[in-house]
1. Looking only at region 171-184, decide whether some residue is over 23 Å from Glu30 (Cβ atoms) and of a type outside the set (S, T, N, Q).
2. Could you tell me which residue of region 104-116 is nearest to Ile216 (Cα to Cα), considering only residues that are in contact (Cβ under 8 Å) with a residue 40 or more places away in the chain and either surrounded by 23 or more Cβ atoms within 10 Å (Cβ to Cβ) or touching a His at 6+ places or on another chain (Cβ under 9 Å) (or both)?
3. Of the conditions (1) charged (D, E, K, R); (2) out of contact with any strand residue (DSSP E or B) (no Cβ under 9 Å at 6 or more places or on another chain); (3) buried (at least 21 other Cβ atoms within 10 Å of the Cβ), Arg212 satisfies every one except a single condition; which number is it?
4. Within region 267-281, can one find any residue that is among the aliphatic types (A, V, I, L, M) and within 26 Å of Gly160 (Cβ to Cβ)?
5. From the list Thr154, Thr164, which one is in contact with a strand residue (DSSP E or B) (Cβ under 8 Å, 6 or more places away or on another chain), in the same structural domain as Glu27 (by TED's automatic domain parsing) and under 30 Å from Asn280 (Cβ atoms)?
6. Filter region 125-168 down to the residues that are free of Cβ contacts under 8 Å to residues at least 12 places away in the same chain and small (Gly, Ala, Ser) and list them by number.
7. Say whether the condition of being more than 30 Å from Arg403 (Cα to Cα), modelled with pLDDT under 95 and not in a loop (DSSP other than H, G, I, E, B) is met by at least one residue in region 200-217.
Amino acid sequence: MLYKALKPLVKLSIQGFFKDIHFIGKENLEHDGAILVSNHPSALMDPIVIAAFSKKQLSFIAGAEWFGSGIKDWIFKKHFKMIPVQRPWLVKNGEKVSNKDMFEACYNSLDEGNRIIIYPEASSLTVPWIRELKSGAARIKIGADNHMKGDKVTKIIPIGMNYTNAHRFHSDMLVNVGDPIDFGDILGDQSIDDKERSDRMIEVIRREMKARVLHIEEQEDVLVIKNVLKLLSDILMKELNIAEGDVEGAFNVKKDIISSVEYFKAQKSEEMMKIEERLNSYIKDFEGEGFRRFNPFEKPSSFVIRTMLIMFFGFPIFIVGIVMNIIPFAFSKWAFVKYLLIKVSGETKQGAVHPAFAGSLAYALAFALFLVWYILVSIVAAKLYLAWVSIPVALFVGYQTGRYAIRYVRLFRKLMKIWRWNRLKRKNPSKVEHLLSERSAIISELMGLRKDYEKERS
C-alpha cells in the first residue's frame, strides 16, 4: 500500500531531479520470476530509479544494517519487500554469518513470480567500470531453479546504470536493460559442482553487465577516453547518420570509441601517447577559457536566434517558476553544500558519508523540502481562492514552471558562453585560431587511428 502510494510521487520527483532519463530495453524489467542484476554507482538512487519505472513492485536485497526492529522493520519488509542480507565484512567479530533466511525468502518470492533486484558488486562506488562481482545472484538462481514448482525457470536480467554525473542535479541518465542472460550449457553441465557453476555464471553476468555500461578496462585510461569522447561522439554520430535522439545509437558509438582507444593504447602506445599529450594540452587550454561542457563554435546562428526567441516569450513562465521554487531550491542547495557535502567529502571524521551517497542525499533532501513547500503553497492557494480544487493546479504549475526555469537558466548560460566565445574571437583571434586548428588536427589524427582500427577489426 505504502509502496504504491509513494511510487507516482517518487517517479515525478525523479523526473524533476534528472534532466533526461533514457531507457534501452525497458520492457525487460517486467519479466516474472526474474533476478535483476545491476552495477551500483549511486547508492540509493539506483534502486529508486528502477523501482519508479517498473510497472510491478520489486523486492530489494539490502544490507542487514539497514534493518532494525519495530516500525522500521515493518515498513522495509512488509511495504517495500526488502530482503536483508548479512555482509561478512560488516558483522562484528565473533558473530556468526548466516544468510539461509535470505536465500529462502528469495526462492519463495521468485516462485511467486516476483522480481528481485540485486547489486552483485556488493557496495556502491562511482567508477566507470564494472567491479568484481559476488556470487549471490548466481547462487540464488541455482537454488531458485531447484526450488521452483513445475517447469518454471528463474531469469537473470542484466542492467547498466549510466550517469553523465551520478551526483549532479539535472544531469542525464541512461538505464540499459538487457535480455535474459543465456548461460549456454553451464546450467546443464553435470560434470561441475554448484561452486564452479556459480563462478562460471558470474563471469557471464559480469560480461553482460559490462556490455551495458561505458566500461573502461584500465583506470589509467579514464581521462584520455573521456576527452576523446568529448571530441568524437557528436562527429561520429553525424558520420554514421545516427539521429540526435537515438539513445541506443549514441551509446553504441561511445562504446566503440572506448574500444578503439583501448586498442590503440595497447597496440600503438607511443603514437597514442603523443596524441594523448596533445589532447590534454588542448582540453586544458579550451577549458581555461570557460568552455568545459559546451562547444560554442558548433552552434549555428539559427540556434542563437531560436534560443533568444524562446527566452523572450518564455520569460513570464520563468519568473513564475522562480517565484514558486526559489525558496526550497536555495535552501536545499545551501543545506547540501554546507552540511551534507562536507560529510560526503569526509571532511568531518565522525559521521562521514560515503561519496557514492552524494546524489542520493541531494535527491532525498530536495524531495523532502519541495514536498513540504508544495503542500504549504497549495494550502495557501486553497485559502486564498476558497476552493480546494486550486491545490492540484498549484502543484502542477509549481512543478512544471520549476522544470522550465531550470531549462531557461541552462539556455541563458549557453548564450553567455557563445557571447564569450565571440568576444574571445574579437579580442584574441590568434588564441581562437590556435584552439580551432589544434582541435581539427587532433580530430584528424584520432579519425585516422579509428580507420586503422576498423581495418584491423574487419
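The values are calculated or read from the model by the stated rules, or taken from the named source; none is laboratory data. Please read these numbers as outputs of a predicted model, since none were measured by experiment. Virtual Cβ from ideal backbone geometry, glycine too; neighbours counted across all protein chains shown.
1. Residues of region 171-184 that are over 23 Å from Glu30 (Cβ atoms), as a first pass: 171-172, 184.
Restricting the remaining residues to those that are of a type outside the set (S, T, N, Q) gives 172, 184.
Within region 171-184, one or more residues are over 23 Å from Glu30 (Cβ atoms) and of a type outside the set (S, T, N, Q).
2. Ranking the qualifying residues of region 104-116, first place goes to Ile116.
3. The single condition Arg212 does not satisfy is (2).
4. no
5. Result of the check over Thr154, Thr164: Thr164.
6. Gly150
7. Looking through region 200-217, none of the residues is more than 30 Å from Arg403 (Cα to Cα), modelled with pLDDT under 95 and not in a loop (DSSP other than H, G, I, E, B).
Residue by residue, here is whether (1) among the aromatic types (Phe, Trp, Tyr); (2) more than 19 Å from Met161 (Cβ to Cβ); (3) within 19 Å of the chain's Cα centre (by Cα) holds:
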site: Gly188; (1), (2), (3): no, yes, no
site: Ile192; (1), (2), (3): no, yes, no
site: Arg200; (1), (2), (3): no, yes, no
site: Ala211; (1), (2), (3): no, no, yes
site: Leu236; (1), (2), (3): no, yes, no
site: Glu239; (1), (2), (3): no, yes, no
site: Gly245; (1), (2), (3): no, yes, yes
site: Phe264; (1), (2), (3): yes, yes, no
